[in-house]
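To start, the structure itself, in structure tokens.
The values are calculated or read from the model by the stated rules, or taken from the named source; none is laboratory data. Just so you know, these numbers come straight off a predicted model, no measurement behind them. Cβ sites come from the backbone with ideal geometry, for glycine too, and all protein chains shown count toward neighbours. We work out accessible area using only protein heavy atoms, side chains counted, and drop any ligands, DNA or RNA first. Shrake-Rupley method; radii C 1.70, N 1.55, O 1.52, S 1.80 Å.
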Amino acid sequence: MTTHFSFTDKNLLLRHGPTAVLQLAQRRGGQLHKLLSGTSIFEQDLMNPQSRCHHRDWLKLLSHCQQLQSPELPFLLADSVLNHRNIALCQSIAVAANLAQSLKQLCYFRHQLLPALYPKIKRIDNKLMLSFKPAIALGVQQHFISILAISFLVKLIRQQLADSSQLHVLLKQATPANEQLFKAHWQCQVSFNQQFDAILIPLAYWHQSFADSNPHRFQQYRQACYQLNQRLPAQRGLLEHLQRQIDRALPRQLGIEDAAALLGLSCSSLKRLLQQHNTNFAAIADEVRRDKAHLLLLQGNYSNRQLAEQLGYSDEHNFRRAFKRWTGMLPSSAKALTPISF
Amino acid sequence: MWRQHLLKINLPLPLLSAGLMLALTLGVTKSPAEIDWFDVLGEGIVLLVAILWLTLIISSRPAGRVTEWLYYGSLLLVCSFFLDLLDEFIRYPAHIRTMSWLESLPAPIGMLALTYGLIGWHREQRVINRQLQGRELLLRDHRLLDPLTKLYAVDYLYAVLARDLELHRAEQRSLSLLMLNIRQFSAFNRQYGAAAGDDYLIKLSELCSSQLRASDVLCRYVGDRFVILLANTSLQQAKIFAQHMQQHLTKLNHHESNLKIDIVVNEITRLTAKQALQETEEMLKASKAGIAPSVLLPS
């Protein structure tokens with residue numbers, strides 16, 4: 001069993017999302033055979049609770065559903081998945097003691113629900129920033145899936161803590177025309193054109209006990225999640241795997257040969273795989289350093305020399321040049337801006 | 001759509017085959033030198049277009065009287081054009097006139113039937129237009145529709161509101177806005193599932209649109225929030241309308257759900273479309289928090 005997955009690994013249970021999105025789309029005028037066309041999913045598969053699909057089909061399905069011009073789809077899908085009675089993971093996070101336990105559980109078993117994204121958590125002042133990055137190339141569906149993940153968490157917090165007004169959602173996408181849709185569904189501050197797809201959760205929420213907290217049922221559902229793990233083992237997306245390795249190696253710069261060796265692949269196989277994701281190794285390494293630079297800037301007052309050292313640049317001039325390439329501005333002017341919107 | 005028309009789909013093939021058999025028994029095929037390829041090209045294209053019409057009718061029209069006229073009209077045209085094309089390849093003896101009659105007669109009859117069908121379509125469209133008038137005041141664009149409730153979505157609301165504000169201001173008439181919000185809708189969704197929630201929204205939108213005047217516009221604002229634009233209506237009239245609506249909406253509450261609907265009324269005077277909607281949203285928030293009572297008395 002390989003430790004990473006790509007587009008054609010069948011690691012997504014249909015009942016963990018695809019079935020729900022199909023039902024929503026059908027009620028919005030989509031025809032099942034058209035929604036499924038071009039995928040390897042058949043109508044009979046939808047009845048079988050063990051059926052799985054791979055990400056190529058999942059992304060295609062989402063693009064078919066989006067042709068229905070229903071911008072509320074990711075919000076509703078998050079709602080349906082969260083409250084789905086047959087998904088042990090969703091049931092378990094709702095009966096956890098508090099948000100900390102709930103998110104820990106979610107992070108541990110996340111490959112069962114949404115393997116296409118991976119979370120990163122960082123503390124910024126009195127908030128925790130949970131940012132999401134694609135674990136495999138998601139193309140145009142990246143916004144949809146990010147909104148889905150964030151919506152899932154916001155809805156969980158609103159259901160269990162009855163308040164989401166202190167949350168702050170950051171989205172990479174440009175301000176959409178239907179901005180009020182985000183505010184109406186999330187009822188919290190939403191900023192667009194950001195460097196991350198992320199949610200800022202105040203520490204005060206972290207240990208507030210959940211409305212439906214039930215330790216006994218939590219254990220039961222957790223057991224069910226472990227059982228599912230035997231059939232759906234924890235695999236990470238190729239990009240996630242690489243980005244984590246590159247990040248871990250910093251300030252040393254990981255070469256493509258080292259990365260390929262860590263994945264158990266030959267250099268040319270890795271290059272070929274990355275080509276399928278429309279990217280290359282240099283671009284991924286650059287992205288990791290850019291994200292890290294942004295995070296460090298958010299977290300504290302580092303000098304350019306310190307930043308350059310942490311990111312593995314030979315001197316601060318090279319770092320300044322790279323930062324200008326990423327953002328169009330110098331690190332000093334980025335620091336002067338408000339903590340969240342660079 | 002095509003499942004409604006199985007007979008119509010299966011009919012042309014045997015009909016055209018019968019025509020072909022008849023032509024082959026009556027006439028003799030021409031040698032390639034005798035064939036006028038320009039004629040073949042012209043008549044072939046005419047036949048293909050007629051077949052395209054037939055396919056479009058089958059794939060886009062529901063079964064019914066108007067569809068029958070349109071279909072049989074086009075079918076006669078297809079037959080006529082088909083025989084017309086055949087005689088480019090087959091020569092008939094001069095004394096047998098059957099094929100020439102079969103070729104010329106169906107075309108005018110088909111044309112007449114098609115025209116009659118088109119008149120029926122026109123009438124039907126007029127009725128549908130009238131029915132849609134309340135929803136569709138400004139422009140027709142399917143991308144502006146909310147696919148669930150078939151109401152116009154928020155983009156359309158902005159366009160209509162901006163235009164109406166200008167018109168009403170110029171003519172010094174009053175324009176009112178009604179905003180409906182379903183209380184605890186997410187809890188309802190959680191308890192009964194997304195399908196029940198969607199169903200409720202559809203019923204609510206149908207019930208609301210049945211109460212509108214032709215000049216009013218109902219839009220789905222976001223999620224569980226709807227906006228009704230009342231043209232030429234003062235605040236006082238709008239309040240009466242809102243109370244009427246509230247009473248009417250009690251019909252929606254059935255045994256398992258007892259959802260409450262907040263309605264706020266706002267007369268717009270000076271603001272822009274965006275500001276007006278924001279102000280109304282604030283009013284709705286205040287009403288939900290119990291600071292300002294909604295115009296509707298809780299039933």
Taking the dipole of the range B:142-289 about the Cα centre (Lys, Arg +1; Asp, Glu -1; charges at Cβ), the one of B:TYR158, B:MET245, B:GLY197 that reaches farthest to the positive side is B:MET245
So, over other residues within a Cβ distance under 12 Å of A:ALA282, counting Lys, Arg +1 and Asp, Glu -1, the net charge is 0
Percent relative contact order for the range B:186-252, counting Cα pairs under 8 Å at least six residues apart, stands at 27 percent
Relative contact order in percent for chain A (Cα pairs under 8 Å, 6+ apart) equals 17 percent
With every protein chain in place, the accessible area of A:ARG252 for a 1.4 Å probe, in Å² rounded to the nearest 10, comes to 140 Å²
Rg/Rh over Cα atoms for the range A:236-336, Kirkwood Rh, comes to 1.01
Under a 1.4 Å probe, counting only protein heavy atoms, A:SER314 has an accessible area in Å², nearest 10, of 100 Å²
With all protein chains present and a 1.4 Å probe, the order of B:VAL49, A:VAL169 from largest accessible area down is B:VAL49, A:VAL169
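Report, please, the projected area of the range B:2-132 averaged over directions, based on the convex hull of its C-alpha atoms, in nm².
On the way: hull surface 36.0 nm².
Quarter of the Cα hull surface area: 9.0 nm².
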Per GNM of chain A with C-alpha springs under 10 angstrom, the most fluctuating residue out of A:LEU77, A:LEU270, A:LEU170 is A:LEU270
Taking a ≥ b ≥ c as the square roots of the Cα gyration tensor eigenvalues, with a/c under 1.5 meaning rounded and otherwise prolate when a/b beats b/c or oblate if not, the range B:205-269 comes out prolate
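Based on DSSP H runs of at least 4 residues, each adding -39500 (n - 2.57), what is the mean residue ellipticity at 222 nm of the protein assembly as shown after dividing by all its residues, to the nearest 500 deg cm²/dmol?
The per-residue figure over the protein assembly as shown is -17500 deg cm²/dmol.
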Violations at 18 Å Cα threshold for listed pairs A:LYS183/B:LYS285; A:LYS133/A:LYS271; B:LYS260/B:LYS288 -> A:LYS133/A:LYS271
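Hey, if we sort A:MET329, B:MET111, B:MET179 by accessible area with the 1.4 Å probe, largest down, what's the order?
Solvent-accessible surface, decreasing: B:MET111, A:MET329, B:MET179.
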Rounded to one decimal in Å, the inverse mean reciprocal Cα-Cα distance for chain B, i.e. its Kirkwood radius, is 23.9 Å
Taking only C-alpha positions in the range B:142-289, Rg and Dmax in angstrom work out to 15.1, 49
With the 8 Å Cα cutoff and a minimum separation of six or more residues, chain B has a relative contact order in percent of 16 percent
One quarter of the C-alpha convex hull surface, i.e. the mean projected area of chain A in nm², amounts to 17.5 nm²
Sorted on mean Cβ neighbours within 10 Å (highest first), peptides A:67-73, B:148-154 come out as B:148-154, A:67-73
Expressed as a whole number, the average count of other chain Cβ atoms within 10 Å around the Cβ atoms of B:183-190 is 2
Calc'd 3J(HN,Hα), the range B:14-29, phi into Karplus 6.51 cos²θ - 1.76 cosθ + 1.60 (θ = phi - 60°), Hz, glycine/Pro = x, comes to x, 4, 5, 5, 4, x, 5, 4, 4, 4, 5, 6, 7, x, 10, 6
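How about the range A:64-135: which trypsin sites (Lys or Arg not before Pro) there are in a DSSP loop, with at most 12 other Cβ atoms within 10 Å of their Cβ? Each step should come with its number before you reach the end.
Numbers: sites: A:ARG85, A:LYS104, A:ARG110, A:LYS120, A:LYS122, A:ARG123, A:LYS127; in loops: A:ARG85.
Answer by residue number: A:ARG85.
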For B:GLU281, the accessible surface traced by a 1.4 Å probe with all protein chains present amounts, in square angstrom to the nearest 10, to 40 Å²
Rounded to the nearest 10 degrees, the helix B:37-60 long axis (Cα) sits at an angle to the longest Cα principal axis of chain B of 30 degrees
With all protein chains present and a 1.4 Å probe, the order of B:ILE240, B:ILE119, B:ILE90 from largest accessible area down is B:ILE240, B:ILE119, B:ILE90
Total charge of the residues flanking B:VAL264 in space, meaning their Cβ is under 11 Å from its Cβ, with Lys and Arg +1 and Asp and Glu -1, is 0
Computed over chain B: longest principal axis from alpha-carbon atoms vs helix B:235-249 long axis, angle to nearest 10 degrees, is 70 degrees
Evaluated at 20 °C and 1.002 mPa s, the Stokes-Einstein D of the range A:22-149 based on the Kirkwood radius over Cα pairs, in µm²/s, stands at 133 µm²/s
The protein assembly as shown, Kirkwood Rh and Cα Rg, ratio Rg/Rh at 1.07
The answer for the net charge of residues other than B:THR67 whose Cβ lies under 11 angstrom from its Cβ, with Lys and Arg +1 and Asp and Glu -1, is +1
